[in-house]
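Following: one structure in structure tokens, then a few remarks.
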Amino acid sequence: MPQTQLQNRRFLLARRPHGDPAPDDFSLVSEPVPTPAPGGLVVRNHFASLDPAQRGWMDDAPSYMPPIPLGEPVRATTVGVVHASANPDFAVGDWVLGLNGLEDYSLVAPGGFTQKIDTSIVTSPTQYLSAMGAVGLTAYFGLLDAGQPKAGETLLVSGAAGAVGSAVGQIGKIMGCRVIGIAGGPEKCRRLVEHFGFDVAIDYRGKDVDQLAAEIAAAAPGGADIVFENVGGTVLDAELMNLAMQARIVLCGLISEYNSPEKVGARNLWQVLVKRATVKGFLIADYVPRFGEGGAQMAAWMAEGKLMMDEDVQVGLENAYAAFMRLFSGANTGKLVLQIAE
């Protein structure tokens, strides 16, 4: 079939969500497949990463990345194959990783962030979106570089059953830490201990700040030396009441706040003063030059059976909205990936 007859389905941001995203905030359209300009590419996306950060990019608010423009596809990290190339460094058929969008085909401008990947060294290309990608490397650099774990310390991880949190806990165990995870529901908590090797799992559901803080205190009577924060809200408030002296808080995400029209923030922040703790904001974008280093170590740990990462692969661009909302309902069971092409 000639390229001009191919159609490109695109999952567009139609309006900015207020609170929880609604189906009408998005539209699925079909357009002709683009043609690359000199130095550019067209990538046939096979898999796309679905992440909480995408919710923040939908708002028209200051952030570390510009908002997704209305009428443009929802931004996503994708793995795919070069469909057409006007760049001598990329050949048709090359597997690539890039920051593109939720669409069948992405036009990559000259100088855009796209890199070749070797799919022969992984069991599935999706691993470049999970353990070998930004998610796994967020856990790797976030804990080791920002958290500075030491053997014998207590590591407290919120959102522990998620892709980042579960990897953080496993890396903490490799480093010799005692690891406590906070997750939602008995099944996720059971999996943290039995599948990922956490020492303790705490279910936050149905508990207020005082109740959750008491459970953390019982699990960590000396306080947490490192808090790896993915959730915020009442979970963070309870964690702040259980800091060890000189604790390090790695602020990676605040998923409980992303759909809140009114931001709450941390109400027990004064404990940072009491315990002389530090709070460090963490973004994986700062570590792109070191991805090779982190990816090699993550691959080695997986090969040795020391680390594993579950993947939750949802199928079909037409199901992008339902798949994305699994992040906020707690339905996802690992790194959430959308399969776009068969």
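No lab work stands behind these numbers, since they all come straight from the coordinates. Since the model is a prediction, treat every value here as computed from it, not as a measurement. Here Cβ is always computed from backbone atoms with ideal geometry, including for glycine, and neighbour counts include all displayed protein chains.
Cross-link pairs exceeding 31 Å between alpha carbons, from the set Lys275/Lys306; Lys207/Lys275; Lys275/Lys335; Lys116/Lys150; Lys173/Lys275: Lys275/Lys306; Lys275/Lys335; Lys116/Lys150. Debye calculation, C-alpha points only, no solvent: report log10 I(q)/I(0) for the chain at q = 0.13, 0.14 Å⁻¹, in the same order as the q values. Cα-only, vacuum Debye calculation for the chain: -0.99, -1.12.
Determine the shape class of region 134-285: with a ≥ b ≥ c the square roots of the Cα gyration tensor eigenvalues, call it rounded for a/c under 1.5, and otherwise prolate if a/b is greater than b/c, oblate otherwise. Rounded, since a/c falls under 1.5. Between the amide H of Ala76 and those of Asn100, Gly101, Leu102, distances stay under 5 Å, these residues lying 5 or more places away or on another chain, with hydrogens modeled in the peptide plane. The simple Förster model, with R0 at 56 Å and r as the Cβ-Cβ distance, assigns Ser120 and Ala218 a FRET efficiency of 0.70.
Under 5 Å between amide hydrogens, built in the peptide plane, is the criterion, and for Arg9 it picks out Glu31, Asp104, Tyr105 among residues at least 5 positions away or on other chains. Taking a ≥ b ≥ c as the square roots of the eigenvalues of the alpha carbon gyration tensor, region 262-342 is oblate, as a/c is not under 1.5 and a/b does not beat b/c. Across region 277-288, computed HN-Hα scalar couplings (Karplus, 6.51 cos²θ - 1.76 cosθ + 1.60, θ = phi - 60°) run 7, 10, 10, 10, x, 10, 10, 5, 4, 6, 10, 3 Hz from first to last residue, x flagging Gly and Pro.
Amide H to amide H distances under 5 Å link Ile249 with Val227, Thr278, Val279, Lys280, where only residues 5 or more positions off or on other chains count and H is placed in the peptide plane.
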